[in-house]
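The values are calculated or read from the model by the stated rules, or taken from the named source; none is laboratory data. Just so you know, these numbers come straight off a predicted model, no measurement behind them. We place every Cβ from the backbone using ideal geometry, glycine too, and count neighbours over all the protein chains shown. Remember, those area values only see protein heavy atoms, side chains included, never the ligands or the DNA or RNA. Shrake-Rupley method; radii C 1.70, N 1.55, O 1.52, S 1.80 Å.
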Amino acid sequence: QISTTHFSFKNFATEMRRFIAVLLLVFVAQSTVDAFTVTSRSFYSRNSVRMASYDKVFVAGGSKGVGREIIDKLVNRGKTVVAIVKREDAFEELNSIEGVTALMVDAFDLKGVEGAIDGCDACISTLGKNQFNEEEEGPLKRVDYVGNRNVIESAGILGVTRIILVTSVGCGDSKGAISEEVYQTLEAALVSKTKAEDMLQKYYTNSDWTIVRPGGLKTAPMTGAAVFTEDKSVPGMIHREDVAELVVEALEKKSTFKKVLTALDPTIQFGEPKPFEAFKL
């Protein structure tokens, strides 16, 4: 009888140890899951806020024109701006503005562009005009493509997913919006800008990109009447400051993600006005 009781007690003690061990494992596993869940929620919460705010914005082409207007409007909205420039006067002028850091970086220098973008939340590029790289030949030597390519590639390398590329009506599937004569005059620029557009759309599918194609540009005070449209057949005109206003307004609008938008002002269209549907931000 004593032997049997002793045997039963040993079995009971063994089973209790196993039961306690299982409980401990369950407790540890649950604690690990809870900690991971909290951490994950915190991570995604922080990143979703960061992705929605775009507090530090990189601007290429900000020494004049639309890019310069964009910088002013970003600063007025409380954004911090990093701009790359080539001219000493632009460097000094932009650095005198509170909230703006101008860097002497050539847009043809990929590493220089990457370094400038590092730490930014979003990129806006208005690169264009008659800027060439003498070391390259053909249309691909234009900053319209090479400079924009460097901005897009650098953003991809650094994980900056919000990109706004400002090109022109006449690029890509909007070629029919302008006359053949105008297209021939601007062909080199339009071909280069189209290559940059194609690169952004085809190879950066995880980016929250927006392509803005302004109509004919004029330098004059903002009218406030300019709008976006998805209609690729409308040419139109627009003041540079109005383009800047639309671009900055679109920056944090998710409705503009992965959209190609024409920017124009219906109050200053030339020729016979063509009806179109405005894109609602």
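Things to note:
- Residues (of a type in the set (Ser, Thr, Tyr) and either over 20 Å from residue 260 (Cα atoms) or not in a helix (DSSP H, G or I) (or both)) located in the stretch 170-193: 179, 185
- Selection from the stretch 189-207 of residues that are buried (at least 16 other Cβ atoms within 10 Å of the Cβ) and not hydroxyl-bearing (Ser, Thr, Tyr): 189, 190, 191, 193, 195, 196, 197, 199, 200, 201
- Condition check for residue 91: more than 22 Å from residue 243 (Cβ to Cβ) and touching a residue at least 24 places away in the same chain (Cβ under 8 Å): no
- Candidate set from the stretch 32-73 (those that are of a type in the set (S, T, N, Q) and at pLDDT 50 or above); member that is surrounded by the most Cβ atoms within 10 Å (Cβ to Cβ): 63
- Residues (more than 19 Å from residue 174 (Cβ to Cβ), touching a helix residue (DSSP H, G or I) at 6+ places or on another chain (Cβ under 6 Å) and not aliphatic (A, V, I, L, M)) located in the stretch 209-222: 219
- Residues located in the stretch 115-134, provided they are at pLDDT 95 or above and either in a loop (DSSP other than H, G, I, E, B) or open to solvent by less than 10 Å² (accessible area, probe 1.4 Å) (or both): 116, 117, 118, 119, 120, 121, 122, 123, 124, 125, 126, 127
- The set of residues in the stretch 165-182 that are over 20 Å from the mean Cα position of the chain (by Cα) and open to solvent by less than 30 Å² (accessible area, probe 1.4 Å) comprises 170, 174, 177.
- Strands (runs of 3 or more DSSP E) wholly inside the stretch 208-279 that include at least 3 residues being surrounded by 13 or more Cβ atoms within 10 Å (Cβ to Cβ) and not small (Gly, Ala, Ser): 208-214, 227-229, 237-239, 259-264
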